[in-house]
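Quick note: the coordinates plus some simple rules give every number you see, no bench work behind them. All of these numbers come straight from a predicted model, not from anything done at the bench. As a convention, Cβ positions derive from the backbone with ideal geometry for all residues, glycine included, and neighbour counts pool all protein chains shown.
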Amino acid sequence: MRHVISVLVDNQPGVLSRVSGLFSGRGFNIESLNVAETLDPSISRMTLVTRGNDQIIEQIIKQLNKLVNVIKVFDLTGSDYVDREMALIKVNANASSRAEVLRIVEIFRGRVVDVSPKSYTLEVTGDDKKMRAAIDLLAPFGIMEIVRTGPVAISRTKKNGPNSSQRREKEPQD
Amino acid sequence: MKKTGAEILLESLKQEGVDTIFGFPGGAVLNIYDTLLRYSEEIRHILVRHEQGAVHAADGYARSSGKVGVCLVTSGPGATNTVTGVATAYMDSVPLVVLTGQVPTLLIGNDAFQEADIVGITRPCTKHNYLVKDVRDLALIVKQAFHLARTGRPGPILVDLPKDVMADSTEFSYPSKIKMRSYNPTYQGHAGQIKRAVKLIAKAHKPLIYAGGGVILSNASKELTALGQKFSIPVTTTLMGLGSFPGNHPLFLGMVGMHGTFPANMSITHCDLLIAIGARFDDRVTGKVEAFSPHSKKIHIDIDPTSISKNVPVDIPIVGDAKNVLKSMLKSFEEEPAQDWSKMRADWLKQIGEWKRTSPLTYNSGPGLKPQFVIQKINEITGDDVIITTEVGQNQMWTAQFFSFTKPRTLITSGGLGTMGFGFPAAIGAQVAFPEKIVIDIAGDGSFQMNVQELATAVQYNLPVKVAILNNHCLGMVRQWQQLFCDKRYSHTVFEVIPDFVKLAEAYGAVGLRATKSEEVEPVIREALSLRRPVVMDFVIDPSECVYPMVPAGAPLTEMLLV
């Protein structure tokens, strides 16, 4: 199953390498990974998308927590959250197709960010489903190049996310 | 008053109680070594002959004493030569601080002479590592390094020290306390989980304790022994757990796993409750995971949450320090109604007694000298007041099987990584920690040759380490696998050339002795022990001898090949 995991880490050199090394070294997969500073400049947030069964996801969360530079780990999947990604799409646009491309861009509330005689470069933002729909509709015109950010996600409920630090083993409340 | 980076480093080591370091100098650590001369009264430096020897010696020092082992090496090749040792310590959770020199900060990344990205290289095999870029961060980093090494699940920490940072100076004050927001190991087990575990143990008719190296690391042998003894629970251990429970106790079943004993492997398969303490369900223990202990509920006590339910799903996980958790469990037992535990488990203990009787550890005595006999003789002569290190392979498994370890920290062996060449330098480290104890490396001829250069170290510091080579002129364990699984095609496992170990020892200034017949074994051991010098004992053994029982890799534990 696909999981969106949000990780707060020390904003220090080498931390990204520790996280990516953990995934490659233990054979976990990363579909996408995003890193940027938070309001506190000493902390960065990573949003990563991964796949695996419950046992693998549990290991991923525990292994992330074990890294000394990892402050908190939240598994957003299964909770109420919003995620968005952005794509820059360079698509063929000649005299006959320009109008149709623009119409599609409008439907997806995207923007044209660059124009050349034979192409448009579009900016589209949305969740995974919307991105796929936009790409499917633009494909017939001929997509020359596409650059995607991968999703970033935020919890709708509490600050930082639904689960507190999952450093401890899941234990029932007494 | 300002101090240089090198002075701050050594002052910080003193503050951490370090009185011994193992090392090898070089260009990038010139300043540190120069300053070290002024600290020679307080910090003893053991000069090894290869950096791998330094890190294994620091490891042996740490495992035998429970203190943090420290080693100091130069940049580039000095640093990369420690990697095997660092990985060895990481797999077995040994507290180490490895100090590596680095080229000056301005040259980092320029492919400078003797430059290696050792922080990058060791990221996956250290608990954590640091590159010190500013002398003002140095004291705090050293403090953190020792804190991380010895707390939680212990492990090696590497600190990379650029040459200019060591020459630079700043005001020195050593932090007295430490708080790391992202590092808070759990020491106390969850009270509710402990209660649940105790209830399960109280009800179990066929319980079994499976103890690992974590029991030794947390100094919980007393509590483990109390739990087993009070409630009549038989105990098996992993290789790393040998010595955590008295090897001569009637409830002890011997080691479990690939070369585990028949009663241990049968008990773990047939128990109704498995209590894993400080062990991690390694593939050499479980055999085929799907067939591992199929009828049991499982309790797992471990300080590292990632060890829990990693390989085998667990019913009652308890994250915490083994000693604390076992203490709480023993206390919690007082609230349970008293029972005659040995009576309740009589059938189970009877069954185990049967297994012990029908299939004990044994070997065929043949015409040649048998390695098992040598190990039993060493055990008989030294008793239990001895520290045994091993290399890796048949020598290691025979030691685990035929030497009876009754106290913790008396067996020092590379369990997780399985590092050949570990045992001899580790024995040197243990001998430095305990100058008066008998320290014996039980070796193979293959493994011993991997770090034989450390004979010079043992001789230089007059460390009376003994090496017992079980010499079969081949890489015995690999040859055993080839015999069993490759139709006896012995591809590159038989040494055509081997040194004369007696002459080799003498060339280094040590003593060399040899035994080729059973009756020569005891006199050789006694002579070696009578000398306060490093001694190499060359026991020329029957090369066809194999380690049994053996469970083929990936097979269920009940499929044992017996003698």
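Take B:ASP385, project a point 7 Å from its Cα along the Cβ direction, then tell me which residues of the stretch B:523-547 have their backbone nitrogen under 19 Å from it. Residues passing the 19 Å test: B:525-533.
Residue-wise HN-Hα couplings along the stretch B:515-522, as the Karplus relation 6.51 cos²θ - 1.76 cosθ + 1.60 with θ = phi - 60° gives them from phi, are 10, 10, 10, 3, 6, 8, 5, 4 Hz; Gly and Pro carry x. Evaluated on chain A, the Kirkwood hydrodynamic radius is 18.0 Å, with distances taken between all distinct Cα atoms.
Per-residue extension of 0.36 nm, minus the Cα-Cα distance of B:LYS517 and B:ARG181, leaves a gain of 114.8 nm for this segment.
Overall, the anisotropy analysis places the stretch B:64-108 in the prolate class: the square-rooted eigenvalues a ≥ b ≥ c of its C-alpha gyration tensor yield a/c not less than 1.5, with a/b exceeding b/c.
Can you figure out the FRET efficiency of A:MET86 with B:SER544, using R₀ = 51 Å and their beta-carbon distance, to the nearest 0.05? Once rounded, the FRET efficiency stands at 0.15.
Computed from the C-beta positions of B:ASP487 and A:SER79, the FRET efficiency with R₀ = 51 Å rounds to 0.35. Remark: B:THR170, A:THR50 ranked as B:THR170, A:THR50, counting other beta-carbon atoms within 10 Å and listing the fewest first.
Consider a paramagnetic label point 7 Å from the Cα of B:THR558 along Cα→Cβ; state which residues of the stretch B:264-284 have an amide N under 16 Å from it. Within reach of a label on B:THR558, which here means backbone N under 16 Å from a point 7 Å along Cα→Cβ, the stretch B:264-284 contributes B:264-273. Straight Cα distances below 27 angstrom link A:LYS129 to the lysines A:LYS90, A:LYS158, A:LYS159, with same-chain residues fewer than 8 positions distant left out. Using only Cα coordinates, the Kirkwood hydrodynamic radius of the protein assembly as shown works out to 28.4 Å.
Looking only at trypsin sites (Lys or Arg not before Pro) in DSSP loops with at most 12 other Cβ atoms within 10 Å, what is the longest site-free stretch of chain B? My reading of the result: B:182-487 is the longest stretch. For B:ILE442, the residues 5 or more places off, or on other chains, whose built amide H falls under 5 Å of its own are B:THR389, B:THR390, B:GLU391, B:ALA468. Backbone geometry of the stretch B:534-548 corresponds, through the Karplus equation with coefficients 6.51, -1.76 and 1.60 at θ = phi - 60°, to 3J(HN,Hα) couplings of x, 10, 9, 9, 9, 9, 7, 9, 5, x, 8, 5, 10, 8, 10 Hz, x marking Gly and Pro. Qualifying GluC sites (Glu not before Pro) in the stretch B:276-373, where qualification requires a DSSP coil assignment and no more than 11 other C-beta atoms within 10 Å, comprise B:GLU334, B:GLU335.
Summarising the label geometry, the points placed 7 Å from Cα in the beta-carbon direction at B:LYS199 and A:VAL35 lie 4.6 nm from one another. Cross-link reach is defined here as a Cα-Cα straight distance under 24 Å, omitting same-chain residues fewer than 8 places apart; for B:LYS488 the lysines meeting it are B:LYS370. State, as an integer percentage, the relative contact order of chain B based on alpha-carbon contacts under 8 Å between residues 6 or more apart. So the answer I get is 14 percent.
Loop-located trypsin sites (Lys or Arg not before Pro) in the stretch A:1-54 (DSSP state not H, G, I, E or B) with no more than 16 neighbouring Cβ atoms inside 10 Å: A:ARG26. Under a straight-distance cross-link criterion of Cα-Cα below 20 Å, which aspartates and glutamates are reachable from B:LYS179, leaving out those fewer than 8 residues away in the same chain? Answer for B:LYS179, where 20 Å is the Cα cut-off: A:ASP10, A:ASP40, B:GLU16, B:ASP137, B:ASP304, B:ASP321, listed by chain and number.
Ordering B:ASP59, B:ASP111 by the number of other Cβ atoms within 10 Å of each residue's own Cβ, fewest first, gives B:ASP111, B:ASP59. Return the FRET efficiency for the residue pair B:GLU354, B:ASN110: r is the Cβ-Cβ distance, R0 is 56 Å, and the value is rounded to the nearest 0.05. Efficiency, from the Cβ-Cβ distance: 0.20. Per residue of chain A, the DSSP helices (runs of n ≥ 4 H) give a summed -39500 (n - 2.57) that works out to -8000 deg cm²/dmol at 222 nm.
For the stretch A:2-79, the relative contact order works out to 47 percent when only alpha carbon pairs closer than 8 Å and six or more residues apart are counted. Under conditions of 20 °C and 1.002 mPa s, the stretch B:396-541 yields 135 µm² s⁻¹ as its translational diffusion coefficient, taking Rh as the Kirkwood radius over Cα pairs in the Stokes-Einstein equation.
For the stretch A:108-149, calculate the relative contact order in percent as a whole number, restricting contacts to Cα pairs under 8 Å that are 6 or more residues apart. Show your work: numbers first, answer last.
Working: 26 pairs, mean separation 11.2, N = 42.
The normalised contact order for the stretch A:108-149 reaches 27 percent.
Normalising by residue count, the stretch B:2-171 has a Cα convex hull of 93 Å³ per residue. Here the spin labels are modelled as points 7 Å beyond Cα on the Cα-Cβ line, and at B:GLU334 and B:THR362 they lie 4.7 nm apart. Counting beta carbons within 10 Å around each of B:ILE318, A:ILE107 and listing the fewest first gives the order A:ILE107, B:ILE318.
Sorted from greatest to least, the principal axis extents spanned by the alpha carbons of the stretch B:77-192 come out as 57, 35, 17 Å.
Using the scaling law 2.2 N^0.38 Å as the reference, what is the normalised Cα Rg of chain B? Before the final figure, lay out the partial values.
On the way: Rg = 24.2 Å, N = 563, 2.2 N^0.38 = 24.4 Å.
My calculation over the Cα atoms of chain B gives 0.99.
As a ratio to 2.2 N^0.38 Å, the alpha-carbon radius of gyration computed for the stretch A:1-85 takes the value 1.02. Taking 7 Å steps out from each Cα toward its Cβ at B:GLU41 and B:LYS288 produces label points 6.7 nm apart.
If you filter the stretch B:497-563 for GluC sites (Glu not before Pro), then keep DSSP loop positions with at most 15 other Cβ within 10 Å, what is left?
Details: sites: B:GLU506, B:GLU519, B:GLU520, B:GLU527, B:GLU545, B:GLU559; in loops: B:GLU545, B:GLU559.
Here the sparse-neighbourhood loop sites are B:GLU559.
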